[in-house]
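What follows draws every value from the coordinates through simple rules; no lab data is involved. In this text the structure is predicted, and so the values were computed from the model without any measurement. Don't worry about glycine lacking a Cβ; one is built from the backbone with ideal geometry, like all the others, and counts go over all protein chains shown.
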Amino acid sequence: MDYWELIRNAYSGYANYLWREMTQPGWHSYFYWLIGVSAFFLILEWVKPWRKDQSRFRKDFWLDFFYMFFNFFLFSLIVFNAASDLVVHFFNELLASIGVKNLLAFEVMSWPTWAHLLVGFIVRDFVQWNTHRLLHRVPFLWEFHKVHHSVKEMGFAAHLRYHWMETVVYRSIEYIPLALIGIGLRDFFIIHIFTLAVGHFNHSNFKLNLGPLRYIFNNPQMHIWHHAKALPKARRFGVNFGLTLSIWDYLFKTNYIPENGRDIELGFPGDETFPKNFTGQISHGFTNHTSPASPSRHHSSP
């Protein structure tokens, strides 16, 4: 296929999809699911806030609100969709050149719906947990991830503030594991909506006693420590990396909840000079790299 045609098709296809999403709302309309889930947690924070002295529209709320539409829609329209189609095409051609025509290792779609949804969710979440750890340990990836950690007041919309390069990193690493088990688009949609809701919950200004379920699912009282500005030196690369499931942190000993973290300071060392506006943040990371030995790669304290 002509690569320019591939790019044109990707752009026009996504533009048409986005237009249908906005003009023809339905149960599979991700645009309105995103808005609905966000509105639910906004109201929840207003009705029963964990930090009662925090403003209803907390610091940088509207910046994060813009990130919601940029990361989930505009970035895909401008860059990611066409680029990812090209990469997948190149990757499939490379596999074909060595005699591999199909990555599928086993067909989960032939299983009961609950089973392939569960497997797809667990595989994706474990891959994302490991990817999240990479974002903290690899110096140049940490520079991109600083955007997410520049949040100074926590609320559900903080979930939406992240550098566009994170989309590239996560989707690139996810591609092969999900292709190996043959997760379909419908299943990916259901999994993504669920993880979106839990991600909003983790960052929300809300407290919920999960009981024993806290050892399985991430929650605001655990995730607040992931955003802590000061952590022990032994934990300088970060803690509580779980996105949806907390079980990985408990299994691999990266869990850390020393006390009630409701009022702890958020951010990272040196965040005083970090860009405060959208354009400065999304361009950060290409020329601002810390050295591998620098303790400022993540939070540290004596």
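Assuming R0 = 30 Å, what is the FRET efficiency of Glu259 and Phe217, from their Cβ-Cβ distance, to the nearest 0.05? Given R0 = 30 Å and the Cβ-Cβ separation, E is 0.90. Taking θ as phi - 60° and the Karplus parameters 6.51, -1.76 and 1.60, the scalar couplings of the range 224-237 work out to 4, 6, 5, 9, 4, 6, 10, 9, x, 4, 5, 10, 4, 8 Hz in sequence order, x denoting glycine and proline. Between Gln24 and Ala234, the simple spin-label model (points 7 angstrom out along Cα→Cβ) gives 5.8 nm.
Remark on Asn240: its backbone amide H falls under 5 Å from those of Asn255, Tyr256, a criterion applied only to residues 5 or more positions apart or on other chains, H modelled at 1.01 Å from N.
Normalised by the number of residues in the range 114-218, the average gap of Cα pairs under 8 Å and 6 or more apart makes the relative contact order 36 percent. Could you pull out the chymotrypsin sites (Phe, Trp or Tyr not before Pro) across the range 195-257 that fall in loop regions by DSSP (anything but H, G, I, E, B) with no more than 14 other Cβ atoms inside 10 Å? In loop regions of the range 195-257 (DSSP not H, G, I, E or B), the sparsely surrounded chymotrypsin sites (Phe, Trp or Tyr not before Pro) are Phe252. Amide H to amide H distances under 5 Å link Leu266 with Lys229, where only residues 5 or more positions off or on other chains count and H is placed in the peptide plane. Given their separation in residues at 0.36 nm each and the Cα-Cα distance between them, Phe188 and Val138 gain 15.2 nm when the chain is fully extended. Under 5 Å from the amide H of Leu245 lie the amide H atoms of Asn218, each residue being 5 or more positions distant or on a separate chain, with H modelled from the backbone and absent for Pro and chain starts. For Lys152 and Thr273, the difference between the fully extended length at 0.36 nm per residue and the C-alpha to C-alpha distance is 42.2 nm. Rounded, prolate or oblate: which fits the range 146-227, taking a ≥ b ≥ c as square roots of the Cα gyration tensor eigenvalues, rounded meaning a/c under 1.5, else prolate when a/b beats b/c? Oblate, since a/c reaches 1.5 and b/c is not below a/b. Put a dot 7 Å past the Cα of Ser172, heading toward its Cβ, do the same for Ile43, and the two dots end up 4.1 nm apart.
Take the Cα of Asn130, step 7 Å toward its Cβ, do the same at Phe69, and the gap between the two points is 3.7 nm. Evaluating 6.51 cos²θ - 1.76 cosθ + 1.60 at θ = phi - 60° for every residue in the range 48-60, the Karplus couplings come out as 9, x, 6, 9, 5, 8, 7, 4, 4, 9, 5, 3, 6 Hz, glycine and proline recorded as x. Only lysines eight or more places from Lys276 in sequence, or on another chain, were considered; those with a Cα closer than 23 Å are Lys59, Lys146, Lys152, Lys229.
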